[in-house]
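Nothing in this text is a laboratory measurement; each read-out follows from the coordinates by a stated rule. The structure presented is a predicted model; accordingly, all values stated were derived computationally and were not measured. Positions of Cβ are backbone-derived with ideal geometry, glycine not excepted, and every protein chain shown enters the neighbour counts.
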Amino acid sequence: MRCPYCQSQDTQVKDSRPAEDGVAIRRRRVCPDCGGRFTTFERVQLRDLVVVKRSGRKVPFDRDKLMRSFDIALRKRNVEPERVERAVTGIVRQLESSGEAEIASDDVGRLVMEALKALDDVAYVRYASVYRNFREAKDFHDVLGELRGQEEVG
């Protein structure tokens, strides 16, 4: 693993342990050249996924981008990082086990919306405003109505 500080190719693993409920391995590493310390995560990848954008452009699936979407929606919200990690891991597993190598960006967005609805209502509305391309206050009112309807059923 390359050192992120000095780009040395020769880093050493100092500690390894299971992470993310056993679906990843967390490794603490040190660079013998500059002394820099950093953490890496190793995960099983069942298949290479490609996201098909609305424009038709295809891009490799990026778990980190998915995590950033959650981080942005959940900014300043009190949601445990472990719950977020489980949600992201669940989405990735669902996509990988779908049997499809190409996934529509809308499908990824819907999965994120479902996960955020279970995690935090405010984050759900934030994400929905971008995902559904809200243009006016009525759009917010509609999505809040959806949440109210869900609470009355549940």
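Applied to region 63-79, the Karplus parametrisation 6.51 cos²θ - 1.76 cosθ + 1.60 on θ = phi - 60° returns per-residue 3J(HN,Hα) values of 4, 5, 5, 4, 4, 4, 4, 5, 4, 5, 5, 9, 4, 6, 10, 8, 10 Hz, with x for Gly and Pro. Overall, region 1-44 carries a charge dipole of about 80 debye about its Cα centre when +1 sits on the Cβ of Lys and Arg and -1 on the Cβ of Asp and Glu, all other atoms neutral. For the chain, the longest principal axis of the Cα atoms and the long axis of helix 137-153 meet at an angle of about 90 degrees. Evaluated with a Cβ-only charge set (Lys, Arg +1; Asp, Glu -1), the chain carries a dipole of roughly 580 debye about its Cα centre, given to the nearest 20. Along the charge dipole of region 47-144, pointing to its positive end and built from +1/-1 on Cβ of Lys, Arg, Asp and Glu, which listed residue (Q94, V51, F134) has its Cα farthest out? Projecting each Cα onto the dipole axis, the largest value belongs to F134. Between amide H atoms placed 1.01 Å from N, distances below 5 Å from A104 occur with V52, all of them 5 or more places distant or on a separate chain.
Just order 50-63, 107-120 by mean Cβ neighbour count inside 10 Å, highest at the front, would you?
107-120, 50-63
How many angstrom lie between the Cα centre of region 1-56 and the Cα centre of region 82-100? Here the answer is 18 Å between Cα centres. Within the straight-line cut-off of under 19 Å between alpha carbons, the aspartates and glutamates reachable from K58 are D48, E96, E100, E102, D106, D107, sequence neighbours fewer than 8 places apart in one chain being disregarded. Considering only F70, M1, V125, and ranking their Cα positions along the charge dipole of the chain that arises from unit charges at the beta-carbon of Lys, Arg, Asp and Glu, the one farthest toward the positive end is M1.
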